[in-house]
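Here the structure comes first, spelled out in structure tokens, and everything after it is commentary.
The values are calculated or read from the model by the stated rules, or taken from the named source; none is laboratory data. Worth saying up front: this structure is predicted, and the values here are computed from it rather than measured. Note: ideal-geometry Cβ built from the backbone for every residue, glycine included; neighbour counts use all protein chains shown. Accessible surface is based on the protein model in full, side chains and every heavy atom, while ligands, DNA and RNA are left aside. Shrake-Rupley method; radii C 1.70, N 1.55, O 1.52, S 1.80 Å.
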Amino acid sequence: MTEEPCQCSDCQRFYKEHDRLVREFPTFKQQQELNWASIQSFRTLCSKVTNELQQQLTERETNQDIKLEEKHISVEDIAEALDELESVNAYLYSIEALMERIFDIKISNNIESKFKETAKEIAPDPLNVDRIILNRLFHQTKDFPDKKNTN
């Protein structure tokens, strides 16, 4: 018996994004580049926020007379976030080191073709007419409230 995929909104959003990334980047090389860019953008953003929070914390420590209403984030929240973000940045550096190893791998055009073929199988275009018809046959949707209504 196969396990049904989770239907919660977070998982559904993940499945859609997963399939979109497979469709739009169906080759090994494109996946390498996509993952590298994703890690780098995440690391850049985390580093920037970390630096800004450190600066904000330093400013608050030197200006103890700031009114409570002027503080959008508490000192405790900033300190806790900095600890967490430092851990995230360390993990991202580790992932980056692993990704560098993945970039050392090169594959032939024949294998790249296999990646494209497999991508079409595991993440078909959801807007393809055949796919829409199949989805309507197997799932109830707002425009098809009854599975029997499949003309």
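Residue-wise test of (1) closer than 30 Å to Asp125 by Cα; (2) among the charged types (D, E, K, R); (3) under 16 Å from the mean Cα position of the chain (by Cα).
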{"residue": "Gln12", "(1), (2), (3)": "yes, no, yes"}
{"residue": "Tyr15", "(1), (2), (3)": "yes, no, yes"}
{"residue": "Gln32", "(1), (2), (3)": "yes, no, yes"}
{"residue": "Ala37", "(1), (2), (3)": "yes, no, yes"}
{"residue": "Asp77", "(1), (2), (3)": "no, yes, no"}
{"residue": "Glu80", "(1), (2), (3)": "no, yes, no"}
{"residue": "Glu84", "(1), (2), (3)": "no, yes, no"}
{"residue": "Leu92", "(1), (2), (3)": "no, no, yes"}
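Within 25 Å of Glu121 (Cβ to Cβ), at pLDDT below 95 and open to solvent by 70 Å² or more (accessible area, probe 1.4 Å): which single residue out of Thr58, Thr62, Thr2 fits that description?
Every option except Thr2 fails the conditions.
With the requirement that a residue be at pLDDT 80 or above, surrounded by fewer than 12 Cβ atoms within 10 Å (Cβ to Cβ) and in a helix (DSSP H, G or I), what does the stretch 65-78 give you?
Answer for the stretch 65-78, where residues must be at pLDDT 80 or above, surrounded by fewer than 12 Cβ atoms within 10 Å (Cβ to Cβ) and in a helix (DSSP H, G or I): just Glu76.
Cβ-Cβ below 8 Å, separation at least six or inter-chain, first residue in the stretch 32-52 and closer than 16 Å to Ser87 by Cα and without any contact (Cβ under 8 Å) to a residue 60 or more places away in the chain, second in a helix (DSSP H, G or I) and open to solvent by 60 Å² or more (accessible area, probe 1.4 Å): which pairs?
Arg43/Tyr93; Thr50/Glu86
I'd like the full set of residues that are surrounded by 13 or more Cβ atoms within 10 Å (Cβ to Cβ) and within 13 Å of Phe103 (Cα to Cα), limited to the stretch 34-47.
Once the filter is applied, which keeps residues that are surrounded by 13 or more Cβ atoms within 10 Å (Cβ to Cβ) and within 13 Å of Phe103 (Cα to Cα), the stretch 34-47 yields Leu34, Asn35, Trp36.
List the residue pairs whose Cβ atoms are under 8 Å apart, where the first residue sits in the stretch 82-103 and is surrounded by 12 or more Cβ atoms within 10 Å (Cβ to Cβ), the second is among the aromatic types (Phe, Trp, Tyr) and in a helix (DSSP H, G or I), and the two are 6 or more positions apart or on different chains.
Leu92/Phe42; Met99/Trp36; Phe103/Trp36
Report yes if Thr141 is open to solvent by less than 80 Å² (accessible area, probe 1.4 Å) and either modelled with pLDDT under 90 or on the phi > 0 side of the Ramachandran plot (or both), otherwise no. First the steps, then the outcome.
Values: open to solvent by less than 80 Å² (accessible area, probe 1.4 Å): yes; either modelled with pLDDT under 90 or on the phi > 0 side of the Ramachandran plot (or both): yes.
Taking the combined requirement at face value, the residue satisfies it.
Please enumerate the residues belonging to the stretch 105-124 that are in a helix (DSSP H, G or I) and more than 28 Å from Lys16 (Cβ to Cβ).
If the condition is that a residue be in a helix (DSSP H, G or I) and more than 28 Å from Lys16 (Cβ to Cβ), then Asn109, Asn110 are the ones that fit.
Which one of these is assigned to a loop (DSSP other than H, G, I, E, B) and either more than 14 Å from Ala119 (Cβ to Cβ) or touching an Asp or Glu at 6+ places or on another chain (Cβ under 7 Å) (or both): Cys6, Cys11, Cys46?
Cys6
Looking only at the stretch 14-33, which residues are surrounded by 16 or more Cβ atoms within 10 Å (Cβ to Cβ) and assigned to a helix (DSSP H, G or I)?
Residues satisfying the conditions are Asp19, Leu21, Val22, Phe28, Gln30, Gln31, Gln32.
Under 7 Å between Cβ atoms, at least 6 apart or on separate chains: pull out the pairs that start in the stretch 7-26 with a residue that is of a type in the set (Ser, Thr, Tyr) and modelled with pLDDT under 90 and end on any residue that is assigned to a helix (DSSP H, G or I) and open to solvent by 60 Å² or more (accessible area, probe 1.4 Å).
That search, which allows pairs on different chains as well, returns nothing.
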